Amino acid sequence: MKVFSRLVFVSLWAVVVLAAQDRPPNIVIIFGDDIGYGDIGVFGHPTIRTPHLDRMAHEGQKWTNFYAAASVCTPSRAGLLTGRLPVRSGMMHDRVRVLFPESWSGLQQSEVTIAEMLKQKDYAAMHVGKWHLGHLPDYLPTKQGFDAYYGIPYSNDMDATQPGDKRRHALLHPDRIDYWNVPLMRDEETIERPANQYTVTKRYTEEAVKFIEKNKDRPFFLYLAHTMMHVPLFRSQEFTDRSMAGIYGDAMEEVDWSVGQVLDALRRNGLAENTFAVFTSDNGPWLIFDTHGGSAGLLREGKGSTWEGGMRVPAIVWRPGTIPAGTTQTGMGSTLDLMATVAAMTGTKMPDDRKMDGYDLGGAMKMTSPSPRNEMFYWRGTRLFAARLGDYKAHFFTQTGYRDRGETRQNPPLLYHLGRDPGEEHDISRENRGVVARIRKLAQEHELDIDEVENQLAKIGDRN
Ligand code: MG
């Protein structure tokens with residue numbers, strides 16, 4: 001009898017294990033807003049405490065040459081979710097750089113998102129947080145493959161109620177929520193306005209954990225895009241005046257807490273080894289806001305620019321048992337690659353009727369092969385400002401992210417070796433004309449490969 005029950009137990013166990021093996025991994029993408037390369041403990045910040053992100057890196061892998069698809073919100077998010085440069089989906093514009101409450105377009109239905117791709121395997125999908133790909137009914141997350149949505153659909157400094165001259169003061173003194181009349185939405189309805197931004201990080205976290213618990217027995221995709229660290233900075237009572245790094249540190253430490261809550265929910269439910277989790281940021285720090293903006297560490301410039309600080313972002317990937325713990329990957333990667341990487345690990349297919357811009361980084365994450373990405377293109381609006389090939393980066397145009405009188409054409413292009421000079425301080429174009437010529441050719445070929453599309457960000461204000 002004893003032997004029999006042991007047999008039953010063993011075979012039941014085998015069934016459970018086999019079923020678990022059959023099940024494709026859950027996907028969790030945690031996206032910070034305007035978090036700079038240097039804002040996290042494990043990426044070198046001396047005073048902001050991020051024990052949960054540090055642990056994620058310790059159990060997983062840090063990527064030190066990882067790029068957002070663009071240097072500002074809307075195009076960056078379009079690139080992440082579609083695996084395509086935003087210039088291909090019309091989600092970039094030279095002057096209207098992101099979507100606004102007055103915008104009447106968004107990511108087109110014809111684009112295929114990671115959430116839609118994962119429907120091939122019946123994933124449950126939820127988006128929590130900042131969407132910024134269109135807030136009108138036709139463009140909401142629920143129209144792009146997500147079963148559910150909870151969050152503020154655009155930036156938290158929009159719908160400003162303070163006049164221009166008082167606006168900057170309000171942004172740096174976020175002591176009232178009604179300075180920004182932004183909506184909080186559930187699925188397709190506004191449930192709170194103005195959104196109580198003090199508790200938004202906390203409530204996003206609760207929604208994310210609830211979603212994980214509810215879907216623990218089936219494959220799921222959670223896309224948690226925090227409203228923080230975009231100014232105005234808000235944090236809950238528990239995180240107020242806690243950090244040595246002031247209000248920025250407070251808000252960042254709460255985002256870090258949130259990462260811990262999400263990973264703990266995965267561990268608690270026995271899902272850790274079958275979940276691929278990524279933490280990264282949509283663009284670099286918003287430097288014009290003094291100590292309310294983050295830090296790009298030793299990288300040059302920040303949000304809005306095509307210098308490294310604008311697009312190179314902190315990135316941590318995590319899948320215990322699959323991604324070797326405590327490793328650092330110095331090969332190149334991008335949010336543009338997440339779709340191809342997820343497709344390969346879930347056995348789903350990306351669309352094959354259009355140009356894609358991503359690579360499967362799975363081998364590089366396992367450290368069994370080098371990263372297949374050897375180039376990066378830095379678009380500002382609809383124009384290519386810079387390109388990286390291997391360790392070298394050439395700038396054809398330069399411009400600071402904000403407060404700038406215009407662009408500077410660089411002819412000959414500036415050239416930096418990002419291995420020896422990650423801060424882009426020492427132009428070596430004169431000694432390396434051959435390298436400049438190679439990158440110029442790569443850039444020209446790339447530009448020829450971009451088809452003209454209808455611009456969606458230009459659709460703002462009066463429809464006539
Ligand atoms: Mg942003």
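The values are calculated or read from the model by the stated rules, or taken from the named source; none is laboratory data. Keep in mind the model is a prediction, meaning the values are calculated, not measured. With ideal geometry, Cβ positions are generated from the backbone for all residues, glycine too; neighbour counts draw on all protein chains shown.
A compact table of results
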| item | result |
| --- | --- |
| Test: S305 is in contact (Cβ under 8 Å) with a residue 24 or more places away in the chain and either touching a His at 6+ places or on another chain (Cβ under 9 Å) or not in a loop (DSSP other than H, G, I, E, B) (or both) | no |
| Members of region 361-388 found to be out of contact with any Gly (no Cβ under 7 Å at 6 or more places or on another chain), surrounded by fewer than 18 Cβ atoms within 10 Å (Cβ to Cβ) and within 21 Å of W63 (Cβ to Cβ), listed by number | G363, K366, M367, T368, P372, E375 |
| Cβ pairs under 7 Å, 6+ apart, first in region 214-241 and more than 16 Å from V128 (Cβ to Cβ), second within 16 Å of the ligand (Cβ to nearest atom) and assigned to a strand (DSSP E or B) | M229/G32; P232/W180 |
| Region 132-165 - residue that is in a loop (DSSP other than H, G, I, E, B) and β-branched (V, I, T) and, of those, nearest to D122 (Cα to Cα) | I152 |
| Test: residue in region 257-276 that is assigned to a helix (DSSP H, G or I), assigned by TED's automatic domain parsing to the domain that holds A208 and touching a His at 6+ places or on another chain (Cβ under 6 Å) | yes |
| Residues of region 22-52 satisfying the condition of being touching a strand residue (DSSP E or B) at 6+ places or on another chain (Cβ under 6 Å) and more than 16 Å from the ligand (Cβ to nearest atom) | P25, N26, I27, V28 |
| Unique residue being among the aliphatic types (A, V, I, L, M), assigned by TED's automatic domain parsing to the domain that holds E111 and farther than 20 Å from A251 by Cα when the list is A148, A170 | A148 |
| Residue that is over 20 Å from L266 (Cβ atoms), at pLDDT 95 or above and more than 16 Å from the chain's Cα centre (by Cα), where the choices are G331, G321, G310 | G331 |
| Residue check for A296: within 16 Å of the ligand (Cβ to nearest atom) and part of a helix (DSSP H, G or I) | no |
| A251 buried (at least 23 other Cβ atoms within 10 Å of the Cβ), aliphatic (A, V, I, L, M) and part of a helix (DSSP H, G or I) | yes |
| 3 or more residues under 21 Å from the mean Cα position of the chain (by Cα): qualifying strands (runs of 3 or more DSSP E) within region 334-419 | 375-380, 383-389 |
| Positions within region 134-159 being within 16 Å of the ligand (Cβ to nearest atom) and acidic (D, E), in sequence order | D157 |
| Residue among S105, S89 that is surrounded by fewer than 24 Cβ atoms within 10 Å (Cβ to Cβ), in contact with a Phe, Trp or Tyr (Cβ under 9 Å, 6 or more places away or on another chain) and in contact (Cβ under 8 Å) with a residue 24 or more places away in the chain | S105 |
| Which listed residue, of E206, E213, is outside any strand (DSSP E or B) and either farther than 21 Å from V255 by Cβ or in contact with a helix residue (DSSP H, G or I) (Cβ under 7 Å, 6 or more places away or on another chain) (or both) | E213 |
| Residue within region 202-222 that is touching an Asp or Glu at 6+ places or on another chain (Cβ under 7 Å), among the polar types (S, T, N, Q) and modelled with pLDDT of 95 or more present | no |
| Test: residue in region 61-80 that is within 15 Å of the chain's Cα centre (by Cα), assigned to a helix (DSSP H, G or I), more than 16 Å from L457 (Cβ to Cβ) and not acidic (D, E) | yes |
| Among (1) within 16 Å of the ligand (Cβ to nearest atom); (2) charged (D, E, K, R); (3) out of contact with any strand residue (DSSP E or B) (no Cβ under 9 Å at 6 or more places or on another chain) - the single one R55 does not satisfy | (1) |
| In region 249-306, the residues that are among the acidic types (D, E) and closer than 19 Å to Y223 by Cα | E254, D256, D264, E273, D282 |
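Results for (1) surrounded by 13 or more Cβ atoms within 10 Å (Cβ to Cβ); (2) over 13 Å from V231 (Cα atoms); (3) in contact (Cβ under 8 Å) with a residue 24 or more places away in the chain; (4) outside the structural domain of A251 (by TED's automatic domain parsing), shown as yes or no for each residue.
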{"site": "E116", "(1), (2), (3), (4)": "yes, yes, yes, no"}
{"site": "W131", "(1), (2), (3), (4)": "yes, yes, yes, no"}
{"site": "P137", "(1), (2), (3), (4)": "no, yes, yes, no"}
{"site": "Q144", "(1), (2), (3), (4)": "yes, yes, yes, no"}
{"site": "I152", "(1), (2), (3), (4)": "yes, yes, yes, no"}
{"site": "D157", "(1), (2), (3), (4)": "yes, no, yes, no"}
{"site": "T190", "(1), (2), (3), (4)": "yes, yes, no, no"}
